[in-house]
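The structure under discussion appears below in the form of structure tokens.
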Amino acid sequence: MRMLLNADDYRSRAQKFLPRGLFDYIDRGTEDEVALRRLRASLDEITLMPSVLTGHDGRSFDATLLGQHLAAPLVVAPTALAGLVAHDGETKLARAASRVGIPVCISTQSVTTVETIRRGAPDATLWFQLYVWRDRALTARLLERARACGCETLVVTADTSVSPNREYNKRNGFGIPLVPSLRSTVDVALHPRWLVGVLARYLLSEGMPTYGHYPDEYRTAITRPSIAEAVRLDHRLNWGDVRWLRQIWPGKLIIKGVLAVKDAETAAGLGCEAIVVSAHGGRNLDCLPAPAECIQAIADAVKGRLTVLADSGVRRGTDVLKYLALGAEAVLLGRLPLWGLAAGGEEGAEAVLRMIIGEMDTAMAFLGAERVAELRAMLR
């Protein structure tokens, strides 16, 4: 069997394991996938100038992020339905991240509840990602649950007001609700390891997977014909809602999906602790700029007032270093841990994270940098 040495290797293994509909849902962008290509091009164009003969014994990636100690400036990003990639996938991601020494952000749309994840990964640093529901009372109760499970950091996704135009999902018959078709049934049948190891295990133990965090009265199988109005994502979300969240959430508050300086300044003015400069992995809108094109201006504008994080398009440890050099203080990884999870379960997810840190270490050695802070002076 082919050795798994880089992101492409893990991606290829994941593609073989997962049904096409699920793999494409994770892997692809939106519409003509221009934004997805722009992400890659923007990172490839960045170079870092090395400093030779610096004489370092080793490199240190220890970081303090929002008062939390991290072994590396990385966070496992929130991803919907990660529990379909592997049985109990969200818990496995949490344990993998915990062993590496970084946080994992649990999605509102995870298959497994934050309570179950906490029981399965008691030592993990859990963040919680929020999609604001139309029923604010239900949203507030969800936040109480997250807080009770030790989540001290809330990540509010601000860039998904409506469903993206992912045409390949329709062709593959993959969507929420999942609508079984001949094409999707054949797709699943052609991936027996996933069928037996993931879907069948759910069906035999707890039934068809659900969005775990939905209230009991709205929590039905992902094949349900419709989503109740109360738990639909609110397309009217605005800064007034962030003001409300700041009042009811006692922990750290992060706004994810910021690309404009004015939005970063607004977040700082409302008392948010951080933002994620993000294009949602190229999955939402095809005409967006790449985060690499936006980070420096944002970081300069909010310096000392707001912590800047970044995500989207990371395939190598050098991509992480480039985002850090641009001004981000940490980088979220979305697709990579999922590819690792699909390729090798919990161990695969951990291996991907350690692979990225290893690539960061090698690159730092060649750059002559001992600490991440030195990267900013190396940016070309």
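The values are calculated or read from the model by the stated rules, or taken from the named source; none is laboratory data. Predicted model only: the values in this text are computed from it and were never measured. Glycine also receives a Cβ, built like all others from the backbone with ideal geometry; neighbour counts cover every protein chain displayed. Remember, those area values only see protein heavy atoms, side chains included, never the ligands or the DNA or RNA. Shrake-Rupley method; radii C 1.70, N 1.55, O 1.52, S 1.80 Å.
Give, rounded to the nearest 20 debye, the magnitude of the charge dipole that the chain has about its Cα centre when Lys and Arg contribute +1 at Cβ and Asp and Glu contribute -1 at Cβ. Kindly include the intermediate steps, with their values, before the conclusion.
On the way: 46 positive and 43 negative charges, 110 e Å.
In total the dipole reaches around 520 debye.
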Worksheet item: Dipole of region 235-380, Cα-centred, from +1 at each Lys and Arg C-beta and -1 at each Asp and Glu C-beta, to the nearest 20 debye?
Response: 400 debye
Discussion item. Just to confirm a number: summing +1 for Lys and Arg and -1 for Asp and Glu over residues other than residue 99 whose beta-carbon lies under 14 angstrom from that of residue 99, what do you get?
Written reply: -1
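Calculate what fraction, in whole %, of the accessible area of the chain sits on carbon and sulfur atoms when a 1.4 Å probe is rolled over the protein chains. Show your work: numbers first, answer last.
Details: 8500 of 16200 Å².
That share works out to 52 percent.
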Worksheet, complete the sentence: Quick P(r) readout (region 249-380; Cα-Cα; 5 Å bins; whole %) gives 2, 11, 19, 19, 18, 16, 10, 4, 1
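Between residue 354 and residue 60, what FRET efficiency follows from the Cβ-Cβ distance if R0 is 22 Å, with the result rounded to 0.05?
Working: r = 16 Å, r/R0 = 0.73.
After rounding, the FRET efficiency stands at 0.85.
Where in the chain are the DSSP H helices whose alpha-carbon span along the long axis reaches 27 Å or more and whose Kyte-Doolittle mean is at least -0.5?
Numbers: long enough: 335-367 (33 Å, 0.60).
Span-like helices, by this rule, are 335-367.
Write down the percent of antiparallel bridges among all DSSP beta bridges whose residues are both part of the chain, to the nearest 5. Display every interim value, and only then the final one.
On the way: 6 of 32 bridges.
Antiparallel bridges: around 20 percent, rounded to the nearest 5.
With every protein chain present, what is the per residue accessible area of region 223-279 (1.4 Å probe, Å²)?
Working: 2460 Å² over 57 residues.
For region 223-279, the solvent-accessible area averages 43 Å² per residue.
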Worksheet item: Between residue 205 and residue 243, what length in nm is gained on full extension when 0.36 nm per residue of separation is reduced by their alpha carbon distance?
Response: 9.6 nm
Worksheet entry | Residue (of 65, 18, 52) at the positive-pole extreme of the chain, dipole from beta-carbon charges | 18
Discussion item. Give me the net charge for the shell around residue 361: Cβ to Cβ below 15 angstrom, other residues only, Lys and Arg +1, Asp and Glu -1.
Written reply: -2
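Could you give the length gained on full extension between residue 186 and residue 123, defined as 0.36 nm per residue of separation minus the Cα-Cα distance, in nm?
Working: separation 63, 0.36 × 63 = 22.68 nm, distance 4.01 nm.
Full extension of this stretch gives 18.7 nm more.
Could you put 69, 235, 56 in order of accessible surface area, largest first, with the 1.4 Å probe and the full protein assembly present? Before the final figure, lay out the partial values.
Working: 69 125, 235 95, 56 60 Å².
These residues rank, largest area first, as 69, 235, 56.
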Worksheet item: Which value in nm describes the separation of the simple spin-label points at residue 9 and residue 34, placed 7 Å from the Cα toward the beta carbon?
Response: 3.6 nm
Worksheet, complete the sentence: Computed, not fitted: 222 nm per-residue ellipticity of the chain from DSSP H runs ≥ 4 (each -39500 (n - 2.57)), nearest 500, equal to -12000 deg cm²/dmol
Worksheet item: Calculated FRET efficiency, residue 68 and residue 270, Cβ-Cβ r, R0 22 Å, to nearest 0.05?
Response: 0.50
Worksheet item: If each of residue 115 and residue 148 carries a label point 7 Å out from its Cα toward its Cβ, how far apart are those two points in nm?
Response: 0.6 nm
Worksheet, complete the sentence: Filtered pair list for the chain (Lys only, Cα < 27 Å, 8 or more apart or interchain) has a length of 13
Discussion item. I need the per residue convex hull volume for the chain, using only the alpha carbons, in cubic angstrom as a whole number.
Written reply: 132 Å³
Worksheet entry | FRET efficiency, residue 303 to residue 170 (Cβ-Cβ, R0 45 Å, nearest 0.05) | 0.55
Discussion item. Please compute the modelled spin-label separation between residue 371 and residue 140, points set 7 Å along Cα→Cβ, answer in nm with one decimal.
Written reply: 4.4 nm
Worksheet item: Taking only protein heavy atoms and a 1.4 Å probe, what accessible area per residue, in Å², does region 1-92 have with all protein chains in place?
Response: 47 Å²
